[in-house]
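The values are calculated or read from the model by the stated rules, or taken from the named source; none is laboratory data. These numbers were taken from a predicted model, which means no experiment stands behind them. Here the Cβ positions follow ideal geometry from the backbone for every residue, glycine too, while neighbour counts run over all protein chains shown.
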Amino acid sequence: MAKIFEEDTYRKEIETKIKKIDHENKAIELEDTIFYGKSGGQPGDIGEIITNGQKIEVNDTIKSEDAIKNILKSIDSLSVNQKVTARINWDKRYKYMRMHSALHLMCASIPLSVTGGQIGFEKSRLDFNDPEKKINKDELQKKINTLMGNNHQIIYEFIDSKILESQPELVRTMSVKPPKIDGKLRFVKIGNVDFQPCGGTHVKTTKEIGEIIIGKVENKGRMNRRVNILLND
Ligand SMILES: [Zn+2]
């Protein structure tokens, strides 16, 4: 299965074939896919599968060991090898891309370990180990917006996973295991600002994120602080 979204995150539609059907879960696997499977705090894509003049809703996309499965509203009329047009819901995906890139900038702006995170349509968040309450909301917002205005390029690099043996600090989010493909890790590089293993979909430049607002900074447990981020659209 070619995971087109790993290198081209802007593809909205492809022609492909059904590779497998999972009747029990009303799910299919495509030969090639542009659908991101829920993982690493980024939601799975929704969208539609079009075949024989029929549009079938994709309610969710999940990721298992080596497969990406689309959960469909109905699989009744489908068969293996059938040609389909696969289309993602671009409004949602593009928002997740901007949010995901914004979270990497937040991560790069706070020199504390990340304990969790979640990308959402309205708001996203990262949790930090911040027992001394060092995070300052206004400073952070200013810092991230300045970084975005500098228009850094965002690119992907596939690097031998052994790099983590000598540089384990490259993994910023301890709760998320970076996805390994053929012994290689996919890294996301944001100019000279951020470099970390990540399987997610990002925008091409930081300018595309627009402007962000830091929402609530919440105390979650004795050491954990949750920083919410919103896009100022
Ligand atoms: Zn990421």
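Output the number of residues of region 36-66 satisfying the condition of being surrounded by 16 or more Cβ atoms within 10 Å (Cβ to Cβ) and under 21 Å from residue 182 (Cβ atoms).
5
Among the numbered criteria (1) over 11 Å from the mean Cα position of the chain (by Cα); (2) within 16 Å of the ligand (Cβ to nearest atom), which one does residue 82 miss?
Evaluating residue 82 over (1) over 11 Å from the mean Cα position of the chain (by Cα); (2) within 16 Å of the ligand (Cβ to nearest atom) leaves (2) as the failure.
Restricting the search to region 145-192, which residues are part of a loop (DSSP other than H, G, I, E, B), polar (S, T, N, Q) and away from the ligand (no atom under 15 Å from the Cβ)?
Quick first cut of region 145-192, residues part of a loop (DSSP other than H, G, I, E, B) only: 150-152, 161-162, 167, 171-172, 174-179, 182-183, 191-192.
Filter once more, keeping what is polar (S, T, N, Q): 150-151, 161, 167, 175, 192.
150, 151, 161, 167, 192, listed by residue number.
Determine, yes or no, whether residue 10 is closer than 26 Å to residue 103 by Cα, touching a strand residue (DSSP E or B) at 6+ places or on another chain (Cβ under 8 Å) and assigned to a loop (DSSP other than H, G, I, E, B). Walk me through how you get there before you give the answer.
Details: closer than 26 Å to residue 103 by Cα: yes; touching a strand residue (DSSP E or B) at 6+ places or on another chain (Cβ under 8 Å): no; assigned to a loop (DSSP other than H, G, I, E, B): yes.
In short, no.
Can you pull out the residues in region 190-225 that are closer than 25 Å to residue 136 by Cα, surrounded by fewer than 21 Cβ atoms within 10 Å (Cβ to Cβ), of a type in the set (D, E, K, R) and modelled with pLDDT of 90 or more?
Across region 190-225, the qualifying residues are 207, 208, 211, 216, 218, 220.
Write out, first by first residue and then by second, each pair whose Cβ atoms fall under 9 Å of each other, whose residues are 6+ apart or on separate chains, and whose first residue, in region 40-54, is more than 14 Å from residue 79 (Cα to Cα) and more than 16 Å from the ligand (Cβ to nearest atom) while the second is among the charged types (D, E, K, R) and in a loop (DSSP other than H, G, I, E, B).
Within 9 Å, the pairs are 47/12.
Can you find a residue in region 52-61 that is of a type in the set (Gly, Ala, Ser) and farther than 30 Å from residue 104 by Cβ?
Scanning region 52-61 turns up at least one residue that is of a type in the set (Gly, Ala, Ser) and farther than 30 Å from residue 104 by Cβ.
Which of the residues that make up region 193-233 are among the charged types (D, E, K, R), within 16 Å of the ligand (Cβ to nearest atom) and assigned to a strand (DSSP E or B)?
Here is the first cut: in region 193-233, the ones among the charged types (D, E, K, R) are 194, 204, 207-208, 211, 216, 218, 220, 222, 225-226, 233.
Checking which are within 16 Å of the ligand (Cβ to nearest atom) leaves us with 194, 204, 208.
The one that is among the charged types (D, E, K, R), within 16 Å of the ligand (Cβ to nearest atom) and assigned to a strand (DSSP E or B): 194.
Okay, residues lined up against (1) of a type outside the set (D, E, K, R); (2) modelled with pLDDT of 90 or more; (3) surrounded by fewer than 18 Cβ atoms within 10 Å (Cβ to Cβ):
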{"site": "150", "(1), (2), (3)": "yes, yes, yes"}
{"site": "153", "(1), (2), (3)": "yes, yes, yes"}
{"site": "160", "(1), (2), (3)": "no, yes, yes"}
{"site": "186", "(1), (2), (3)": "no, yes, no"}
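Can you confirm whether residue 136 is more than 16 Å from the ligand (Cβ to nearest atom) and either crowded, with 16+ Cβ neighbours inside 10 Å or in contact (Cβ under 8 Å) with a residue 12 or more places away in the chain (or both)? Full working, then the answer.
Values: more than 16 Å from the ligand (Cβ to nearest atom): yes; either crowded, with 16+ Cβ neighbours inside 10 Å or in contact (Cβ under 8 Å) with a residue 12 or more places away in the chain (or both): no.
The answer is no for residue 136.
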